[in-house]
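Below is one structure, written out as structure tokens; comments come after it.
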């Protein structure tokens, strides 16, 4: 399973967004089932058909998946992936984490409140 603790505000924000659009999660993990199970515990009121998890198996595969889906902006905490997405014309939004706190030209968010403010 996945033993990650959700970031504060994630469940509420994602539940709100699920009422407006399909939630698509693109992960570098090799299999999607643990992520789907983890998300189902966080997003208990969201029907499973509103959640789409794509496991690429590697960070470098995310860009092509996002391009194929027509995604224009993506929230990411891995700076190398942000650069790859930027190079492909996909807007990278860095979710601030201790491991990515060096200068980047990308928009940086520190909370789900900030993400929701961008969307609204």
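Structure notes:
- Hits in region 51-62 (condition: in contact with a helix residue (DSSP H, G or I) (Cβ under 8 Å, 6 or more places away or on another chain), within 16 Å of residue 80 (Cβ to Cβ) and modelled with pLDDT of 95 or more): 56, 62
- Any hit, region 23-34, residues being touching a residue at least 40 places away in the same chain (Cβ under 8 Å), within 20 Å of residue 115 (Cα to Cα), in contact with a strand residue (DSSP E or B) (Cβ under 8 Å, 6 or more places away or on another chain) and surrounded by 16 or more Cβ atoms within 10 Å (Cβ to Cβ): yes
- Search result, residues across region 47-67 that are over 12 Å from the mean Cα position of the chain (by Cα), in a helix (DSSP H, G or I) and farther than 14 Å from residue 23 by Cβ: 59, 60, 61, 63, 64, 65, 67
- Matching residues in region 23-42 - criterion: being outside any strand (DSSP E or B) and either touching a helix residue (DSSP H, G or I) at 6+ places or on another chain (Cβ under 6 Å) or more than 20 Å from residue 9 (Cα to Cα) (or both): 28, 29, 30, 31, 32, 33, 34, 42
- Candidate set from region 1-16 (those that are outside any loop (DSSP other than H, G, I, E, B) and out of contact with any helix residue (DSSP H, G or I) (no Cβ under 7 Å at 6 or more places or on another chain)); member that is farthest from residue 72 (Cα to Cα): 12
- Which numbered condition residue 98 misses (of (1) at pLDDT 95 or above; (2) closer than 21 Å to residue 16 by Cβ): (2)
The values are calculated or read from the model by the stated rules, or taken from the named source; none is laboratory data. Every value quoted in this text rests on a predicted model; they were computed, and no experiment measured them. Every residue, glycine as well, gets a Cβ built from its backbone with ideal geometry; the counts of neighbours run over all protein chains shown.
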